[in-house]
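The values are calculated or read from the model by the stated rules, or taken from the named source; none is laboratory data. Keep in mind the model is a prediction, meaning the values are calculated, not measured. No Cβ is skipped: glycine too gets one built from the backbone with ideal geometry, and neighbour counts run over all protein chains shown.
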C-alpha cells in the first residue's frame with residue numbers, strides 16, 4: 001500500500017449512524033480497493049472485535065484481504081487461528097462510502113463506542129484508522145500519551161526510537 005492513513009479528525013455521527021469519512025481517508029480507501037474506479041463507491045472493513053475495547057478499526061479492502069489471507073494460511077488445528085478468525089474475520093463488516101463520503105455505522109457498533117449520535121474522533125494509524133467516541137479518546141489515549149511524553153526530556157525526539 002503506497003498511501004497510508006494519517007492525521008486526526010473530529011467528525012459527527014447522526015442518529016441514523018451516518019458519519020462522514022475524512023476526505024484524506026477516502027483517497028486511501030479508494031487506492032486500497034481493487035474494484036474502485038471513478039464513480040463507484042470505495043469500500044472499507046470495519047473491525048469491532050472484543051479485543052478493541054472502546055474503539056473500532058477501519059482497513060482498506062486490500063489490507064483486510066491480506067490479513068484474512070494470513071489468518072487463513074495458519075494451520076487448521078491452531079487454536080490461535082480459531083481465535084483470530086472469531087476476533088478479526090467474524091467481528092468485522094464491509095461498509096461502502098456513499099457519493100457524499102459517508103458510511104452508515106450500525107447501531108451495535110455505535111453502542112460499543114457508547115454513542116448514538118455526536119462526535120467521533122478519527123486517528124490515522126498508517127495501515128488502518130481508528131474510530132473513537134471523541135471524549136473517550138481524549139480521556140484515555142490522549143491522556144496516556146501526555147503521561148508518556150512527560151517522562152521524556154524536553155529535547156526528546158520520538159523518531160529516535162526507530163533506531164535509524
Whichever residue in region 4-19 is out of contact with any helix residue (DSSP H, G or I) (no Cβ under 8 Å at 6 or more places or on another chain) and in a loop (DSSP other than H, G, I, E, B) and, among such residues, is farthest from residue 108 (Cα to Cα): 14
Every residue from region 100-126 that is over 20 Å from residue 139 (Cβ atoms) and touching a helix residue (DSSP H, G or I) at 6+ places or on another chain (Cβ under 6 Å): 101
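Residues are listed down the side, and each one gets a yes or a no for (1) under 12 Å from the mean Cα position of the chain (by Cα); (2) within 23 Å of residue 12 (Cβ to Cβ):
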| site | (1), (2) |
| --- | --- |
| 57 | yes, yes |
| 103 | no, yes |
| 121 | yes, yes |
| 127 | yes, no |
| 140 | no, yes |
| 145 | no, no |
| 152 | no, no |
Any hit, region 31-52, residues being touching a residue at least 60 places away in the same chain (Cβ under 8 Å), on the phi > 0 side of the Ramachandran plot and touching a helix residue (DSSP H, G or I) at 6+ places or on another chain (Cβ under 7 Å): no
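Look through 97, 61 and report the one residue that is within 15 Å of residue 44 (Cβ to Cβ), in contact with a helix residue (DSSP H, G or I) (Cβ under 7 Å, 6 or more places away or on another chain) and either surrounded by 14 or more Cβ atoms within 10 Å (Cβ to Cβ) or at pLDDT 95 or above (or both).
Working: 61 fails: in contact with a helix residue (DSSP H, G or I) (Cβ under 7 Å, 6 or more places away or on another chain).
Going through 97, 61 in turn, the sole match is 97.
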Residue in region 64-78 that is within 17 Å of residue 103 (Cβ to Cβ) and crowded, with 16+ Cβ neighbours inside 10 Å present: yes
Flag if residue 112 is without any contact (Cβ under 8 Å) to a residue 60 or more places away in the chain and either closer than 30 Å to residue 37 by Cβ or surrounded by 11 or more Cβ atoms within 10 Å (Cβ to Cβ) (or both): no
